[in-house]
Amino acid sequence: AKRDPGSSYRFYDRQLHISAGYQLRLEADLRNALRGNELELYYQPRIDLATNEVRGVECLLRWNHPERGLVGPDEFIPVAERSGLIVPIGYWVIEQACKRLQESAEIGYPGLVFAVNLSFRQFHDRKMTETIFRIIFNANVDTSLLELELTESAMMHDPEYAQRCLRELNQLGVSFALDDFGTGYSSLSNLQHLPISLVKIDKSFVQALGKSADAEHIIRAIISLAHSLQISVVAEGVETEGQLEFLRQQHCDEIQGYYYARPMPWADLVQFLNKRGES
Ligand code: C2E
Ligand code: CA
Ligand code: CA
Ligand code: CA
């Protein structure tokens, strides 16, 4: 049957086509981005609620695209995961974080923890532990200051291999955080079986505070569970005084969010640290 050129079917088809083309283009650009120095890490401070000091920073990837400008990770990480490019990109991120870790000690901030995100897809690389080990060794950093953040999805593909990776890296001093905690479904057993020293409460719960009583209950439960297992808790996405006060009352250990600081380039972070040091 002949199709009406104006029908919704054609329209939909064209959209799909554009979208697939867009993805391919993005993937090709991303390949160049790594070689062309277009990737950059931003750093978002994490504040210790007991001491009011900056405990560490989360390293967050940004892409300075030559035509599109600054592209956020939600747009290109999925493309990088599907294409496998996240593997080399992920190693670049760890390398860069180690350089900054070294640098932070030189400029007077030793002891700052650097947290790096790991994608589930990086666990498909059979040389993960070995490669990360080489990067850390070459950078000559204090491994206890390197923290790797992973979500529960990282464990799904090959739980035994993933567990082994975590154990081996943990033996070198690297610590692990469970990211987006509360949004997965196997949280409890993971906490028990893996070398996890920290959980990050997902920002969806923090931002529901005051809007849903459930959010309060869930956050209370996460903190009490984590603390009973000697695991620290970071709340992410803290934007308001009210959220901060609630978390403080619940003895949450650390806070990350726009309330204190947005993710920022390295030079801005250095300024941020210097300013806090003066006051
Ligand atoms: P995530 O690991 O859950 O990181 C926290 C996200 O929350 C970051 O978004 C951060 O900018 C944002 N955020 C922090 N505080 C606030 C706040 O107060 N309010 C709001 N609305 N948002 C806040 P970002 O930088 O866009 O990163 C998005 C996601 O991309 C990350 O979520 C992480 O899953 C992924 N990602 C970022 N960098 C990397 C990387 O180097 N490797 C991998 N595999 N994933 C990365
Ligand atoms: Ca994270
Ligand atoms: Ca999150
Ligand atoms: Ca996330």
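The table below gives the values:
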read-out: HN-Hα J in Hz across region 203-213 - Karplus 6.51, -1.76, 1.60, θ = phi - 60°, x for Gly and Pro; value: 5, 4, 6, 4, 7, 8, 4, x, 10, 9, 5
read-out: Partners for Lys275 among lysines (Cα-Cα distance below 24 Å; same-chain residues under 8 apart left out); value: Lys99
read-out: For the chain: accessible area per residue (Å², 1.4 Å); value: 52 Å²
read-out: log₁₀ of I(q)/I(0) at q = 0.10, 0.11, 0.13, 0.15 Å⁻¹ - the chain, Debye sum with one point per alpha carbon; value: -0.58, -0.69, -0.94, -1.21
read-out: Gaussian network model of the chain, springs between alpha carbon atoms under 10 Å - residue of Leu188, Leu49, Leu269 with greatest fluctuation; value: Leu188
read-out: Computed helical MRE - 222 nm, the chain, DSSP H runs ≥ 4 contributing -39500 (n - 2.57), nearest 500; value: -15500 deg cm²/dmol
read-out: At most 11 other Cβ within 10 Å, DSSP loop - trypsin sites (Lys or Arg not before Pro), region 171-279; value: Lys211
read-out: Rounded to 5, the percent of DSSP beta bridges in the chain classed as antiparallel; value: 40 percent
read-out: Region 95-207 - share of DSSP beta bridges that are antiparallel (%, nearest 5); value: 0 percent
read-out: Sparsely packed chymotrypsin sites (Phe, Trp or Tyr not before Pro) within region 139-213, loop by DSSP, other Cβ within 10 Å at most 16; value: Tyr185
read-out: Cα pair distances in region 173-279, grouped into 10 Å bins until the bin that holds the longest one, percent each; value: 14, 43, 30, 13, 1
read-out: Accessible surface of the chain, 1.4 Å probe, proportion on carbon and sulfur as whole %; value: 50 percent
read-out: Radius 11 Å from Cβ of Glu236, net charge of other residues (Lys, Arg +1; Asp, Glu -1); value: -4
read-out: Angstrom value of the Kirkwood radius, inverse mean 1/r, which spans all Cα pairs in region 20-61; value: 12.8 Å
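The values are calculated or read from the model by the stated rules, or taken from the named source; none is laboratory data. Please read these numbers as outputs of a predicted model, since none were measured by experiment. Please note: Cβ atoms are built from the backbone with ideal geometry, for glycine as well, and neighbour counts cover all protein chains shown. Heavy atoms of the whole protein, side chains included, go into the accessibility calculation; ligands, DNA and RNA do not. Shrake-Rupley method; radii C 1.70, N 1.55, O 1.52, S 1.80 Å.
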